[in-house]
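The values are calculated or read from the model by the stated rules, or taken from the named source; none is laboratory data. Quick caveat, the model's predicted, so the values are computed rather than measured. Glycine gets a Cβ as well: all are built from the backbone with ideal geometry, and neighbour counts include every protein chain shown. Surface areas here come from the heavy atoms of the whole protein model, side chains and all, with no ligands, DNA or RNA. Shrake-Rupley method; radii C 1.70, N 1.55, O 1.52, S 1.80 Å.
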Number of protein chains: 2
Amino acid sequence: MRFDLDLSMDVLRRSPGIFLELLGNIDEGWSRAAEGPETFSPFDVVGHLIDGEETDWIPRSRIILAGGTNPVFEPYDRFRHRDRNAQRSLASLLQEFAALRASNLEVLGSWHVTGADLDRQGTHPSLGLVTLKQLLAAWVVHDLGHIAQAVRVMAKQYRGEIGPWEPYLPVVTDRPVPRS
Amino acid sequence: MRFDLDLSMDVLRRSPGIFLELLGNIDEGWSRAAEGPETFSPFDVVGHLIDGEETDWIPRSRIILAGGTNPVFEPYDRFRHRDRNAQRSLASLLQEFAALRASNLEVLGSWHVTGADLDRQGTHPSLGLVTLKQLLAAWVVHDLGHIAQAVRVMAKQYRGEIGPWEPYLPVVTDRPVPRS
């Protein structure tokens, strides 16, 4: 499938609702569980997505489109959410993510990005030159990957309860060495 | 985490809404894509979950609770949905899944399953003896695994569009030999 801005925005628009359906008012047994040390719980995932809204996707797109002579992105702190959200409720994070995402998609839409814009480049601090198109595609894939992570982490909590079904339900053994 | 009936039903209740948020009115570029031959598209996943509602989880629970002398489950046809849904729209499948799931959870609730019931056994055609608790836990994990699958399949459609981000977004390379 080739990158398409409208189809990408359609997927990005869905994520807050998906997380609300998955995690709204859920027991902390599900939302605070993880799959190993230094990995994200579903609660952490929502916080990490908020960090992306505030510091990654739109700020980096802006740097590319501003067209300065040195369009270098700020590094992305993957653990910013830990301190930031220590006292927060999951309900308030879900609401915040929805508001930030809606506002960021409005910003993106307001730019009326062209095909030529999608080929403009910025410099990622570790990956080097990337295009706006790659950045926006990565935003979509990043969302989907973290939805997969949240449900995988939840599934793993029942690994000890499914008895002989384990080989039929590979989600409980995916990522034996978890990457947060 | 130990099996808990209420916490399990809470997760099971969420799946139709999650699939509706993820797939409702989505472009077929996303919903009909797969990750390899003989693997499920998101459309197939919804059909497969409907099959589970009609032929697996509740029918098998019923066999266990009926307490007959030979509580053997029918085999589960993982490809029943292919012919069944060939002419169906995704919208109608999403609606059907929601109705079947709601009705099945009502049935499950009406049984007032006890701790002793959860330890009752049936015979799985290939796995042998399983308890009702394992069956119900497998239902939860099965849902979560198929949510993970649907979003993974979608993410993989953009594998060629994310450029140097690929090593940072492992969802596009998960399950290199896909299991449907």
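Annotation: of all residues in segment B:113-128 being part of a strand (DSSP E or B) and within 8 Å of chain A (Cβ to nearest Cβ), the one that is farthest from B:Phe40 (Cα to Cα) is B:Gly128. Filtered by the rule that a residue be β-branched (Val, Ile, Thr) and either part of a loop (DSSP other than H, G, I, E, B) or open to solvent by less than 10 Å² (accessible area, probe 1.4 Å) (or both), segment B:42-55 gives B:Val45, B:Val46, B:Ile50. Would you call B:Leu118 in contact with a Lys or Arg (Cβ under 9 Å, 6 or more places away or on another chain) and surrounded by fewer than 21 Cβ atoms within 10 Å (Cβ to Cβ)? Yes, satisfied.
Select from segment B:1-23 the residues that are within 21 Å of B:Arg88 (Cα to Cα) and without any contact (Cβ under 8 Å) to a residue 12 or more places away in the chain and list them in ascending order. The answer is B:Glu21, and nothing else. Of all residues in segment A:69-101, those satisfying the criterion of being surrounded by 12 or more Cβ atoms within 10 Å (Cβ to Cβ) and more than 21 Å from A:Ala33 (Cβ to Cβ) are A:Pro71, A:Val72, A:Phe73, A:Tyr76, A:Asp77, A:Arg80, A:Gln95, A:Glu96, A:Ala98, A:Ala99, A:Leu100, A:Arg101. Of the residues making up segment A:134-165, those that are over 20 Å from A:Thr39 (Cβ atoms) and more than 7 Å from chain B (Cβ to nearest Cβ) are A:Leu135, A:Leu136, A:Trp139.
Residue count for segment A:105-125, restricted to those that are free of Cβ contacts under 8 Å to residues at least 24 places away in the same chain and out of contact with any strand residue (DSSP E or B) (no Cβ under 7 Å at 6 or more places or on another chain): 6. From the list A:Ile63, A:Ile58, the lone residue that is open to solvent by 40 Å² or more (accessible area, probe 1.4 Å), assigned to a helix (DSSP H, G or I) and either among the aromatic types (Phe, Trp, Tyr) or at pLDDT 95 or above (or both) is A:Ile63.
Of the residues making up segment B:74-95, at least one is without any contact (Cβ under 8 Å) to a residue 40 or more places away in the chain, assigned to a helix (DSSP H, G or I) and of a type in the set (Asp, Glu). Taken over segment B:24-41, the residue count meeting the criterion of being assigned to a helix (DSSP H, G or I) and either open to solvent by 40 Å² or more (accessible area, probe 1.4 Å) or without any contact (Cβ under 8 Å) to a residue 60 or more places away in the chain (or both) is 2. Does B:Phe97 satisfy the condition of being aromatic (Phe, Trp, Tyr), under 23 Å from A:Tyr158 (Cβ atoms) and out of contact with any strand residue (DSSP E or B) (no Cβ under 6 Å at 6 or more places or on another chain)? Yes: the conditions hold for B:Phe97. Modelled with pLDDT of 95 or more and open to solvent by less than 10 Å² (accessible area, probe 1.4 Å): is that true of B:Asp143 in this structure? So B:Asp143 fits the description; yes. Picking from residues in segment A:3-12 that are part of a helix (DSSP H, G or I) and either in contact with a Cys (Cβ under 8 Å, 6 or more places away or on another chain) or at the interface with chain B (Cβ under 9 Å from one of its Cβ atoms) (or both), the one that is nearest to A:Val172 (Cα to Cα) is A:Val11.
Restricting segment B:166-180 to residues that are open to solvent by 30 Å² or more (accessible area, probe 1.4 Å) and facing chain A (nearest Cβ under 8 Å), the residue that is farthest from B:Arg62 (Cα to Cα) is B:Tyr168.
Would you check if there is a residue in segment B:13-23 being away from chain A (no Cβ under 12 Å) and buried (at least 21 other Cβ atoms within 10 Å of the Cβ)? No: zero hits. Across segment B:18-33, what is the number of residues that are among the small types (Gly, Ala, Ser) and under 15 Å from B:Ala148 (Cβ atoms)? Number satisfying all stated conditions: 0. Taking A:Phe73 as the residue in question, decide whether it is within 13 Å of another protein chain (Cβ to nearest Cβ) and touching a strand residue (DSSP E or B) at 6+ places or on another chain (Cβ under 6 Å). Taking the combined requirement at face value, the residue satisfies it.
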